[in-house]
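This report refers to the structure that appears directly beneath it.
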Amino acid sequence: MTLATTVLLGIVYPLVVTALAQALFPRSANGGLIEAGGKIVGSRLIGQPFTAPGYFHSRPSAAGPAGYDGTQSGGSNLGPTNKALLDRVSASVQTTQAENPNVPVPIDLVTTSGSGLDPNISPAAAEFQIPRVARERNMKENDVRMLVTAHTAERQLGFLGERRVNVLELNLDLDATHPLH
């Protein structure tokens with residue numbers, strides 16, 4: 001019985017699931033890799049940091065000491081009343097608010113996701129960053145807004161999840177259409 005279940009669940013089942021995933025969802029099964037200039041630059045499924053002012057910034061990450069470490073995926077485990085969390089979020093709000101005064105800071109620009117590797121931001125977080133990106137790239141805000149709209153994914157099946165903007169794809173499109181000088 002041990003040998004039969006080991007072969008069935010340890011070999012046959014993983015091979016069948018892998019084959020089905022490759023046949024039905026090849027992009028996701030292979031990590032959602034994105035190529036630019038013939039080189040893999042990232043994944044649609046895993047966030048990465050962008051800090052230069054001419055790029056849209058991702059959510060903060062608690063995955064590893066420097067953030068965005070796929071081997072240490074996970075949240076910070078800090079509760080909503082934890083002083084370290086409150087201090088970090090407060091400092092992030094102040095820093096982010098300086099970028100766009102008198103506009104409320106979207107929560108996903110100052111808080112980490114559950115995995116710490118979220119590749120997406122909300123449309124509100126993208127909208128908040130439009131003035132900075134437009135200024136740094138010498139673009140009209142409306143042109144940047146149109147790119148954000150083009151990269152805004154709707155809810156799945158019209159009711160699952162939230163509208164979202166993939167930061168890497170948006171930044172790559174900006175580089176392709178309006179490179180930094």
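Can you give me the C-alpha center-to-center distance between region 45-92 and region 113-181, rounded to a whole angstrom?
18
Step through the residues of region 113-121 one at a time and calculate ³J(HN,Hα) from phi using the Karplus curve (6.51 cos²θ - 1.76 cosθ + 1.60, θ = phi - 60°), rounding each to whole Hz and writing x for Gly and Pro.
Listing the rounded values in order: 8, x, 8, x, 10, 5, x, 10, 10 Hz.
Calculate the dipole size of the chain relative to its Cα centre from +1 charges on Lys and Arg beta carbons and -1 charges on Asp and Glu beta carbons; express the result in debye to the nearest 20. Don't skip to the answer; put the middle values down first.
Working: 14 positive and 15 negative charges, 20 e Å.
Result for the chain is approximately 100 debye, rounded to the nearest 20.
Run the simple label-point estimate for THR6 and ASP173 please: 7 Å along Cα→C-beta, distance reported in nm.
In this crude spin-label approximation the distance works out to 5.1 nm.
Students sometimes get this wrong: rank ARG155, ARG145 by accessible area, probe 1.4 Å, all chains present, largest first.
Working: ARG155 95, ARG145 70 Å².
Result of the area sort, largest leading: ARG155, ARG145.
Of all accessible surface on region 138-181 at a 1.4 Å probe, what whole percent is carbon and sulfur?
Details: 1570 of 2860 Å².
Accessible surface attributable to carbon and sulfur in region 138-181 totals 55 percent.
Using θ = phi - 60° and the Karplus form 6.51 cos²θ - 1.76 cosθ + 1.60, what ³J(HN,Hα) does each residue of region 33-47 get, whole Hz, x for Gly and Pro?
5, 10, 10, 9, x, x, 10, 6, 10, x, 9, 5, 9, 10, x
With a cut-off of 13 Å, note down the residues of region 48-77 whose backbone N falls inside the zone around a label point 7 Å from the Cα of ALA36 toward its beta carbon.
Once the point is set 7 Å along Cα→Cβ of ALA36, 48-52, 54-57 turn out to lie under 13 Å by backbone N, inside region 48-77.
With each pseudo-label sitting 7 Å past Cα toward Cβ, what's the THR71-LEU15 distance in nm, one decimal?
3.1
Taking amide H positions as placed in the peptide plane 1.01 Å from N, state which residues far from SER43 in sequence (5 or more) or on other chains have amide H under 5 Å from it.
Distant-sequence amide H within range of SER43: ILE34.
So how tilted is helix 13-24 from the main axis of the chain? Cα-based, degrees 0 to 90, rounded to 10.
It works out to around 50 degrees.
Taking the dipole about the Cα centre of region 23-142, with the C-beta of Lys and Arg at +1 and of Asp and Glu at -1, give me whichever of ALA125, LEU24, SER115 is farthest to the positive side.
In region 23-142, that residue is LEU24.
Which far-off residues, 5 or more places away or on another chain, put their amide H under 5 Å from the one on SER76, with H placed in the peptide plane?
Residues meeting the amide H criterion: none.
Restricting attention to region 107-175, which GluC sites (Glu not before Pro) occupy a DSSP loop and are surrounded by at most 15 other Cβ atoms within 10 Å? It would help to have the intermediate numbers written out before the result.
Numbers: sites: GLU127, GLU136, GLU141, GLU154, GLU162, GLU169; in loops: GLU154, GLU162.
Those satisfying the criteria are GLU154, GLU162.
What distance in nm lies between label points placed 7 Å from Cα along the C-beta direction at GLN22 and GLU162?
Calculated label separation equals 3.7 nm.
Based on the alpha-carbon gyration tensor of region 42-137 and its eigenvalue square roots a ≥ b ≥ c, which shape applies: rounded if a/c is under 1.5, prolate if not and a/b is larger than b/c, or oblate?
Numbers: a/c = 2.14, a/b = 1.23, b/c = 1.74.
Because a/c hits 1.5 or more and a/b fails to exceed b/c, region 42-137 counts as oblate.
Using a simple charge model, +1 on the beta-carbon of Lys and Arg, -1 on the beta-carbon of Asp and Glu, nothing else, what dipole does region 100-181 show about its Cα centre, in debye to the nearest 20?
Details: 8 positive and 11 negative charges, 34 e Å.
Here the size comes out at about 160 debye.
Helix 141-150 versus the longest principal axis of the chain: what angle, 0 to 90°, nearest 10, using Cα atoms?
For helix 141-150, the angle is close to 10 degrees.
Leaving out ligands and nucleic acids, note down the accessible area per residue over the chain with a 1.4 angstrom probe, in whole Å².
Values: 11070 Å² over 181 residues.
Result: 61 Å² per residue.
Would you tell me the accessible area of SER90, worked out with a 1.4 angstrom probe on the heavy atoms of the protein chains, in Å² to the nearest 10?
In the full protein context, SER90 sits at about 60 Å².
Normalising by the residue count of the chain, find the relative contact order in percent from Cα pairs under 8 Å and 6+ residues apart. Write out the running numbers ahead of the final one.
On the way: 237 pairs, mean separation 37.9, N = 181.
It comes to 21 percent, rounded to a whole number.
The values are calculated or read from the model by the stated rules, or taken from the named source; none is laboratory data. Just so we're clear, the structure is a prediction, and the values are computed from it rather than from any experiment. Glycine gets a Cβ as well: all are built from the backbone with ideal geometry, and neighbour counts include every protein chain shown. Quick note on the areas: whole protein, heavy atoms, side chains included, nothing else; ligands and nucleic acids left out. Shrake-Rupley method; radii C 1.70, N 1.55, O 1.52, S 1.80 Å.
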